[in-house]
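Heads up: the structure comes next, in structure tokens.
No value in this document is a laboratory result; all are computed from the given coordinates. Since this is a predicted model, take the numbers as computed values, not measurements. As a convention, Cβ positions derive from the backbone with ideal geometry for all residues, glycine included, and neighbour counts pool all protein chains shown.
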């Protein structure tokens, strides 16, 4: 899966995709986003439709649910409608893994994970395919949740920990819906790579903006990141500027941009791209054995 | 059905809907359009996805195929995925019927139909619910097609005819994919109402632009019409200006705009709105008996 996601970022880096900005529709209790795209080199096109309703857990429903519709470019015929709720988790995990593969200066890493939801697990599963993980520390507002998650990764010496200790790692992954910085600048040591995953809408942020100022910051898509990624709040407040973004993950994958020094900090700001959704939907459609699509 | 479509135009006229512009993805052999919307007053939200592949008939497929996904505004759960190919024809027919109901100065009308495809039939079926039709003349490039269509409307004294004769009618309906004017200015008599349905993409037009200059022109949505409706080519060529558009069908339905004189010509420029798709999808979902959804 990571290779398929790496391939779409390569296409993105080479400018070979059509991917208009996500379209947002807002409800009193949430929103939904429509994400159309076309990847000519892979002959796949379609749309992902995904909601975000933060209050859903109280009603026993996932906060985020998604459908992907695949369309045949040649004829326009709808080829498939897929439940993309799990696929969304997986493709986001894979993007983080690809970012860490290219941007972490170490192949053998300690990992700190902030947040204990589905995305925390997806990030670790995908990362383990790219780097050798020697230790994982999970932090959650509810320590119990961190412990439960850690119990699923015994093979990586996983445990629950405090927030600051979790940030003392070679790869730090943030996966919360936070609207204020959780990760303080002083906690991040030289050479760390950070996957900033949680911020995906205006107003969300997880990192102390001073981290961005001393880091080399890569994004998945420039327009989406400025609108709704980790950088959106610092940019809106004048603390950070789009000019300070080093490049896109696509540019990293194609080799045009890279980590420059071993001791610098790198950040990958992920908002989630429609082309990732198309690529993983096709893997699912082709019957990849490791993909299950439980509803919802 | 016409009442449901009239109701969504009323909501549109009152500014009570969220409907971002259609998003186009282009293929070598066609395109697809993604159309999200939310109608709070009716508690419906969703997306229509529709392709246009002009070469499909050679391969035994419809040119246009559509899916509509309905989403629950409260929770974001996908409520239904509907085959919207026939629904698209029907909701477009209904919009024309609503326009003619409000803009035709006569309740008893002769009708001229330019084009003999699915939309020609849908327009007449819906119009017959609003006005008393005393005669229909169908014109098609292939006279045989006009004759076949006429045979389905014997109760309205329907026949195939020449193009100029078809335009000599109280209500003229254009439903072709033409990229040059078919209907000449001199053929349209005082007091005619025209439903200009065919033009739905940049470069398409069916009417001599001089008709627009002497008519009162209404559109379904201002931005969509300027981009891709009957007015798009005359505007691009500087022959017509968005300022000359009299208003939207929503403004007509709410009573803020109207035909001013019995002898003037009125034009309704239809591009097709996502809110129409949502309304008719809900009718289908509620099990309206007269709706069938054959595939494709």
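Write down, largest first, the equivalent ellipsoid semi-axes of the protein assembly as shown in whole Å, where each equals the square root of 5 times an eigenvalue of the alpha-carbon gyration tensor. Please report the intermediate quantities before stating the final value.
Working: eigenvalues 574, 95, 90 Å².
Values for the protein assembly as shown, descending: 54, 22, 21 Å.
Which of rounded, prolate or oblate describes the range A:62-112 when judged by the alpha-carbon gyration tensor and an a/c cut-off of 1.5?
Since a/c reaches 1.5 but b/c is at least a/b, the shape of the range A:62-112 is classed as oblate.
If you average the C-alpha positions of the range A:101-150 and of the range B:159-226 separately, how far apart do those two centres end up, in angstrom?
Distance between centres, Cα-based: 62 Å.
Using a/c under 1.5 as the rounded threshold, could you call the range A:56-144 rounded, prolate or oblate? The axes a ≥ b ≥ c are square roots of the C-alpha gyration tensor eigenvalues, and prolate needs a/b larger than b/c, oblate otherwise. Please report the intermediate quantities before stating the final value.
Numbers: a/c = 4.28, a/b = 1.41, b/c = 3.03.
Oblate, because a/c is 1.5 or more while a/b does not exceed b/c.
In degrees, nearest 10, range 0 to 90: what is the angle between the Cα axis of helix B:274-285 and the longest Cα principal axis of chain B?
70
Please work out the FRET efficiency for the pair residue A:147 and residue A:168, using the Cβ-Cβ distance as r and a Förster radius of 22 Å; give the result to the nearest 0.05. Working shown, then result.
On the way: r = 19 Å, r/R0 = 0.87.
Computed FRET efficiency for residue A:147 and residue A:168 comes out at 0.70.
Report the per residue volume, in Å³, of the convex hull enclosing the C-alpha atoms of chain A.
Working: hull volume 36.6 nm³, N = 296.
Per residue, the Cα convex hull of chain A comes to 124 Å³.
Spin-label point model (7 Å from Cα, Cβ direction): what's the residue B:222 to residue B:184 distance in nm?
3.6
Using the beta-carbon distance between residue A:214 and residue A:59 and R0 = 45 Å, what value does 1/(1 + (r/R0)^6) give for FRET efficiency, to the nearest 0.05?
On the way: r = 42 Å, r/R0 = 0.94.
The value I calculate is 0.60.
Counting only helical runs of four or more DSSP H residues, what would the 222 nm mean residue ellipticity of chain B come to if each run contributes -39,500 (n - 2.57) and the total is spread over all its residues? Before the final figure, lay out the partial values.
Values: 10 runs with 90 residues, N = 296.
Result for chain B, helices only: -8500 deg cm²/dmol.
Quantify how strongly other chains surround peptide A:33-43 by giving the mean number of their Cβ atoms within 10 Å of each of its Cβ atoms. Walk me through the numbers before you get to the answer.
Working: counts 1, 10, 2, 9, 2, 5, 0, 2, 0, 0, 0.
Taking the mean over all residues of the peptide, I get 3.
Could you work out how far apart the two model spin labels at residue A:243 and residue B:264 are, taking each label as a point 7 Å from the Cα in the direction of the beta carbon, and quote it in nm?
Once both label points are built, they end up 5.3 nm from each other.
Quick check: the angle from helix A:85-103's long axis to the longest principal axis of chain A, C-alpha only, nearest 10 degrees?
50
For residue B:108 paired with residue B:157, estimate the spin-label separation in nm (one decimal), with each label point 7 Å from Cα along the Cα-to-Cβ line.
For residue B:108 paired with residue B:157, the spin-label model returns 1.0 nm.
Just the number, please: Stokes-Einstein D of the range A:158-296 in µm²/s, Kirkwood Rh from C-alpha pairs, 25 °C, 0.890 mPa s. Mind showing how you got there, number by number?
Details: Rh = 16.0 Å.
Diffusion coefficient, whole number: 153 µm²/s.
Hey, for residue A:3 with labels 7 Å out along Cα-Cβ, what do the inter-copy distances come to in nm, ordered shortest first?
Result for residue A:3, in nm, nearest copy first: 6.0.
Would you look at the GNM of chain B, springs on alpha carbons closer than 10 Å, and say which of B:16, B:30, B:229 moves the most?
B:30
Relative to the longest principal Cα axis of chain A, at what angle does helix A:118-127 sit, 0 to 90 degrees, rounded to 10?
So the helix axis and the longest Cα principal axis differ by about 80 degrees.
Taking beta carbons within 10 Å but only from partner chains, what does the mean come to for residues B:9-20?
Details: counts 0, 0, 0, 0, 0, 0, 0, 0, 0, 4, 1, 4.
Whole-number average of other-chain Cβ neighbours for B:9-20 is 1.
Which one, B:223, B:120, B:158, has the greatest fluctuation when you compute a Gaussian network model over chain B with C-alpha springs under 10 angstrom?
B:223
Which one of B:58, B:130, B:143 has the biggest mean-square fluctuation once chain B is modelled by GNM with Cα springs under 10 Å?
B:58
Enter the mean number of other protein chain beta carbons within 10 Å of the beta carbon of each residue in B:77-84, as an integer. Write down the numbers at each step before the final one.
Numbers: counts 8, 10, 0, 0, 5, 0, 1, 0.
The mean count of partner-chain Cβ atoms within 10 Å per residue comes to 3.
For the range B:1-97, restrict the atom set to alpha-carbon positions and state the Rg and Dmax in Å.
In order Rg, Dmax, the Cα atoms of the range B:1-97 give 14.7, 44 Å.
Return a whole-number percent for the relative contact order of chain B, with Cα pairs under 8 Å and 6 or more residues apart as the contact set.
Working: 690 pairs, mean separation 59.1, N = 296.
After rounding, I find 20 percent.
Answer rounded, prolate or oblate for the range B:213-277, using the Cα gyration tensor with square roots of eigenvalues a ≥ b ≥ c: rounded when a/c is under 1.5, else prolate when a/b is larger than b/c, else oblate. Before the final figure, lay out each step's value.
Values: a/c = 2.15, a/b = 1.05, b/c = 2.04.
Here the range B:213-277 falls in the oblate category.
Send over the per residue convex hull volume for the range A:174-248, Cα only, as a whole number of Å³. Mind dumping the intermediate values first?
On the way: hull volume 6.0 nm³, N = 75.
Value for the range A:174-248: 79 Å³ per residue.
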